[in-house]
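Read the figures in this text as sums done on the coordinates, not as results from a lab. Since the structure is predicted, the reported quantities are computational estimates derived from the model, not experimental observations. All Cβ positions, glycine included, derive from the backbone under ideal geometry; neighbour counts span all protein chains shown.
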Amino acid sequence: MSLTDVSFLITDYDFDNITIATLGSHSALQILHGAKLEGFSTLLIVEKKREWFYDMFSNLIDFKVVVDSWKDICKDRVLSYLRKHNSILIPHGSLIEYVGLENVEKMRLPIFGLRSLFRIEANQRMKMEFLRNAGIKIPKEYTLDMDINSPVIIKFPGAKGGKGYFIAKTKEEVIKGIREAISQGIITSHEDVMIQEYIVGVTAYYHFFYSPTLRRLEILGADIRYESNIDGLYRLPPDLRESIRASFTVVGNIPLVLRESLLPKIMRYGLNFVKYSQITLPPGIIGPFCLESVIKDDGEIVVFEFSGRIVAGTNLYVTGSPYSSFYWNEPMSVGRRIAREIRLALEKDMLHKVIT
Ligand code: AMP
């Protein structure tokens, strides 16, 4: 199945009765809430063990598919139920993680977003390569045959929210940490790790939205990830910090408004990302994406990660953000913006341009 042209998946769809579908996790409530505000029917695929929780928000859910495990979403009975309801699936952070990249790639369901980007997003090296080629400043990457004399962060593949990452100052510390990770079964070989320059500054994550119907890039918000224990270390006296290993487990998100003089650079990065995705992965990014950065004290912005779909930090702005108001003079979350884009696409006979 082509990852880009999926028009054939909507030939039997009733465009007057489109349903917005998503998985019960991550940013599902925001997505369902936004879909309802835009007048769509909603469908939630939910694991049996979480059904009770989502039932507490039954006002947001018209149809429900209960599965024993996430992978069941690929079963014919589930897919045909979704298709019967003319469903468009909204991907979020849990989709690839729980359903699996290959299953999502071949899923016979229209997905709002750029399906071909998921494979790049799932691979740390391809991801950094993508950013660099797009003209976005990224941290230096080290290999074990290089000298390491300044702080580096060691990242493991598939780490959930930064779990297991560590900071080291010398090659010996890097090797020791990697050996420990291998002996604990976290990784199988040192080739699985990425050793990246540790950028000193403050973290900032930008919520972008590219609209194929309006052909414009919007910034809909920004946040800071609140990470344990790195964000709490400063509360200790410096002599005690030395003995504690920093960790990067995301526990929540904090809203952020940026100095306006930083915005042109941030928007430039966003535009670069859109343009490069259009050149290399046509039709290019569709809808939400996030660039994840550190801003240094000299104002330089270094991007160490991206997400090619809605990020959980957008849950902060269910009633809109300081930025969304500049485009939409009404409460506009990213969840609602997705539904608005589908609505605009239906009105302009462009639905095939916002799905892959
Ligand atoms: P990631 O899994 O790449 O999103 O990283 C998890 C967390 O590690 C981030 O939210 C940052 O706090 C931190 N981090 C990742 N890469 C870097 C870097 N190159 N320099 C400084 N901090 C980083």
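Structural remarks
- Taking each residue as 0.36 nm, the span from Glu102 to Glu191 lengthens on full extension beyond its C-alpha to C-alpha distance by 29.8 nm.
- Amide N proximity, segment 153-194 versus Asn123 label position 7 Å along Cα-to-Cβ, cut-off under 19 Å: 155-159, 188-194
- Pairwise label distance in nanometres, Val202 with Lys176, each label 7 Å out on the Cα-Cβ vector: 3.3 nm
- For segment 187-219, there are no residues whose amide N sits under 16 Å from a probe point set 7 Å from the Cα of Asn229 along the beta carbon direction.
- Arg259 versus Gln278: modelled label distance in nm, points set 7 Å from Cα along the beta carbon direction: 3.1 nm
- On Cα atoms only, tilt of 124-133 relative to the major axis of the chain in degrees: 80 degrees
- With the helix formula -39500 (n - 2.57) applied to DSSP H stretches of n ≥ 4, the chain reaches a computed 222 nm mean residue ellipticity of -7500 deg cm²/dmol.
- Among beta bridges that DSSP assigns inside the chain, antiparallel share in %, nearest 5: 75 percent
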